[in-house]
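Just below is one structure, and these are the notes that go with it.
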Amino acid sequence: MHHAKGKEEVGGRDLRVEGIADEFLRAARGRDGGYHLSCGLHSLQMHATKDAPRISVQDTNTMLHACGSVAKALPILFPDELRQQAAQVGIVGADALIRFWGEPPGVRKHWSRHGIYEARLAVRWLRNECHNMSIVDELIRRGGGGAIPEPRCDAARRSRGA
């Protein structure tokens with residue numbers, strides 16, 4: 001997906017919004033959920049900026065609905081209750097960024113800078129957690145649980161206790 005600040009449309013549809021909503025809905029379905037949620041959150045972070053062109057009310061609602069679907073799937077993505085609670089904070093952050101993006105720029109300037117910063121941090125945590133999950137999933141699929149090669153230099157071998 002292209003991450004330009006301007007609006008990307010085809011046939012009147014905003015491709016940025018469609019891409020993010022699609023990634024969120026794929027994550028909610030479970031298969032490769034970490035990967036898809038990480039991708040969707042990355043795009044959201046790139047596009048939902050104070051200077052970004054406003055998205056329509058319909059586009060805002062489309063993404064909020066998709067974000068809500070991810071929230072319902074958190075127990076599947078994060079079986080551990082503590083991580084699930086932290087992930088919920090990330091979803092609340094994503095919800096805030098979607099709403100922020102849906103506001104006219106003149107209204108965005110009245111949003112709390114600290115609140116938006118905290119929303120971005122929560123989204124970043126969730127995005128990183130999902131990215132790490134997708135890396136672990138790939139290692140498992142590849143059968144590479146212990147496939148990290150031995151270091152070649154003596155200093156690295158000593159630090160590993162070899």
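The values are calculated or read from the model by the stated rules, or taken from the named source; none is laboratory data. Remember, it's a predicted structure, so these values are computed and weren't measured experimentally. Counting neighbours? That spans all protein chains shown, and the Cβs are built from the backbone with ideal geometry, glycine included. Please note that ligands, DNA and RNA were not included when accessible areas were found on the heavy atoms of the full protein model with its side chains. Shrake-Rupley method; radii C 1.70, N 1.55, O 1.52, S 1.80 Å.
Among the candidates V89, V10, the residue that is modelled with pLDDT of 90 or more and at negative phi is uniquely V89. Taken as a whole, the structure leaves R120 outside the set of residues that are open to solvent by 20 Å² or more (accessible area, probe 1.4 Å) and closer than 24 Å to L139 by Cα. Give me the residue from region 40-77 that is without any contact (Cβ under 8 Å) to a residue 40 or more places away in the chain and either open to solvent by less than 40 Å² (accessible area, probe 1.4 Å) or among the β-branched types (V, I, T) (or both) and, out of that set, nearest to H110 (Cα to Cα). That would be L64. Among the residues of region 123-134, just one is more than 15 Å from L44 (Cβ to Cβ) and surrounded by fewer than 15 Cβ atoms within 10 Å (Cβ to Cβ), namely N132. Restricting D80, D32 to those that are open to solvent by 10 Å² or more (accessible area, probe 1.4 Å) and in contact (Cβ under 8 Å) with a residue 40 or more places away in the chain reduces the list to D32.
Looking at the structure I just gave you, is G106 part of a helix (DSSP H, G or I) and at pLDDT below 95? Yes; evaluated as a whole, the condition is true for this residue.
The single condition among (1) under 18 Å from I20 (Cα atoms); (2) open to solvent by less than 70 Å² (accessible area, probe 1.4 Å); (3) assigned to a helix (DSSP H, G or I) that D137 does not satisfy is (1).
A single entry from R54, R31, R120 fulfils the requirement of being more than 12 Å from the chain's Cα centre (by Cα), among the basic types (K, R) and either farther than 21 Å from H131 by Cα or assigned to a helix (DSSP H, G or I) (or both): R54.
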